[in-house]
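Note sheet for the following structure.
The values are calculated or read from the model by the stated rules, or taken from the named source; none is laboratory data. The structure displayed is predicted, hence computed values, not measured ones. A quick note on method: Cβ atoms are made from the backbone with ideal geometry, for glycine too, and the neighbour counts reach across all protein chains shown. Just so you know, the surface numbers come from the protein's heavy atoms only, side chains and all, with ligands and any DNA or RNA stripped out. Shrake-Rupley method; radii C 1.70, N 1.55, O 1.52, S 1.80 Å.
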Amino acid sequence: EAPYVAEMVRAEMEQRYGAEATTSGLSVYTTLDGDDQMAAVRSLQAGLLEYDRRHGYRGPEAQLDLPAGEPVAEMRKRLRPYPTLGGLQAALVTGTEGERASLLTAAGTELELDAESTRWTRKTPAQLFKRGDVVRLALDAETGKLRLAQIPQAQAALVSLQPEDGAVRALVGGFSFGLNKFNRATQAQRLPGSSFKPFVYAASFERGFSPASIVLDAPVVFRDRAGNVWRPQNDAGNFAGPMRLREAMVQSRNLVSVRLLDAIGVDFASRYITQFGFSQESLPPNLSMSLGTSSLTPMAVTRGYAAFANGGYRIDPWFIARVEDRHGTVILETHPRRACPTCAANAEGFGGQPTVVDGFNFGAVAPAASTAARRRCSGSSRSSVSW
């Protein structure tokens, strides 16, 4: 279940081979791992559903005029505009009795919901529904029973990369591709927040700081030339005084990050952080960068984190392993270089060389951070970095 990646593949193939790419019998093999992808989809959907339930039930998705005695075949036709989305099946309420409600699915299956299936709303089906309501049902993974659900209003994305060479192991761009085609993993420019702080810390290590360095966690006021005043605060609103960077990182202390960036300079930090693959334009030219006010995609942040996992080498994400024509002949194959600081392959720390078939190379790898920021990599090829 990888429709967002399938769309990425279609766009890539059309860009390379033209509009006939989708009708010429090409077979495209991706880097996705089936188990990882399924786990990513289920985890993201379950998390969004749980978050949505905590914010209460918003009511039926639609209300249809359902005359008494309407044939089942006609009621099933009424559900055609409501396809299954994210595993949530649409059902039509045909009546209520006591604390139970009778429903009909588009497949013609008649169901009954009891009070347990709507317990998270703190109301019974009879209190929630009336005849003609269109609602969503989800299968409870623990009990194996159907219960009331609703399409989440919040959205999310997940990216998992193999840090040694950038192979995409799992990618989910939203709750349901059928609901919205927008790929939030590669297209959504969002604020990374505190997850951006490790890049600021990495820049400070290049300037001579270390995890044992002590920085003051205390109120600070900044004033620009225009007279504007900025008073950054910690999330909890308290202060810890002098503390080591390793503790500040664990506790995600905002004031320490701001003071650290002020000490090393915004210009230097910005230039250094671009080595992780971020564009200069995406990084704000001020101290707020230390708090993650950049506009970055989940894919970009995951790519940056991969450098921490593979010894300090920047990788380029790739997702197409090979392409075969209708006769089974390989017309494109990717063999990316692998970042391997412990290998003796060459002085750059790369294991192997890229092989380009048909002039196409998805897997270029280049050094990211300097030698001072690199660390030895002992992970296996099945490790991954996610954001």
Exercise. Taking +1 at the Cβ of each Lys and Arg and -1 at the Cβ of each Asp and Glu, which of A167, L148, F129 sits farthest along the dipole of the range 115-183 towards its positive end, judged by Cα position relative to the Cα centre?
Worked result: F129
Problem set entry | Between helix 34-54 and the chain: long-axis angle, C-alpha atoms, 0 to 90°, nearest 10 | 70 degrees
Exercise. Largest first, what is the accessible-area ranking of L49, L179 with a 1.4 Å probe?
Worked result: L179, L49
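Taking the Cβ-Cβ separation of F239 and D262 as r and a Förster radius of 25 Å, what is the calculated FRET efficiency to the nearest 0.05?
Values: r = 17 Å, r/R0 = 0.66.
The formula returns an efficiency of 0.90 here.
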Exercise. Expressed as an acute angle from 0 to 90° and rounded to the nearest 10, what is the orientation of the C-alpha long axis of helix 197-206 relative to the principal long axis of the chain?
Worked result: 10 degrees
Problem set entry | Descending principal axes extents, the chain, alpha-carbon based, whole Å | 79, 64, 41
Problem set entry | Added length on full extension, which subtracts the Cα-Cα distance from 0.36 nm per residue, E99 to S27 | 20.6 nm
Problem set entry | Förster radius 22 Å - calculated FRET efficiency between A218 and S282 (Cβ-Cβ, nearest 0.05) | 0.15
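Of all the Cα-Cα pairs you can form in the range 151-255, what percent are over 24 Å apart? Walk me through the numbers before you get to the answer.
Working: 2715 of 5460 pairs.
Roughly 50 percent, rounded to a whole number.
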Seminar exercise, completed: For K123, the aspartates and glutamates lying under 15 Å Cα to Cα, once residues fewer than eight places off in the same chain are dropped, come out as E97, E99, D114
For this session: Take E1, project a point 7 Å from its Cα along the Cβ direction, then tell me which residues of the range 126-167 have their backbone nitrogen under 18 Å from it.
Result: 136-160
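Rounded to the nearest 500, what is the 222 nm mean residue ellipticity of the chain from helices alone, with -39500 (n - 2.57) per DSSP H run of 4+ residues and division by all residues?
Numbers: 9 runs with 95 residues, N = 387.
Estimated from H runs of four or more residues: -7500 deg cm²/dmol.
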For this session: Return, ordered by residue number, the residues of the range 278-303 whose backbone nitrogen is under 12 Å from a label point located 7 Å along Cα→Cβ of R207.
Result: 287, 290
Seminar exercise, completed: Per residue, accessible area of the range 156-315 with a 1.4 Å probe, heavy atoms of protein chains only, in Å², comes to 42 Å²
Exercise. Mind listing the Cα extents of the range 58-140 along all three principal axes, in Å, largest one first?
Worked result: 32, 30, 21
Problem set entry | All-pairs alpha carbon distance profile, the range 81-195, 5 Å steps from 0, percent | 2, 10, 17, 17, 14, 11, 10, 8, 6, 3, 1, 0
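I'd like to know how the range 216-334 sits against the 2.2 N^0.38 Å rule of thumb: what's its Cα Rg over that expected value? Could you put the intermediate results ahead of the total?
Numbers: Rg = 20.1 Å, N = 119, 2.2 N^0.38 = 13.5 Å.
That works out to 1.49 for the range 216-334.
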Seminar exercise, completed: Expressed in µm² per second, the diffusion coefficient of the range 1-116 from the Stokes-Einstein equation, with Rh the Kirkwood radius over alpha carbon pairs, at 37 °C and 0.692 mPa s, is 181 µm²/s
Exercise. Any idea what angle helix 3-17 forms with the longest principal axis of the chain, computed on alpha-carbon atoms, 0 to 90 degrees, nearest 10?
Worked result: 60 degrees
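Just the accessible area per residue of the range 1-91, please: how many Å² with a 1.4 Å probe?
Working: 5140 Å² over 91 residues.
Value returned for the range 1-91: 57 Å² of accessible area per residue.
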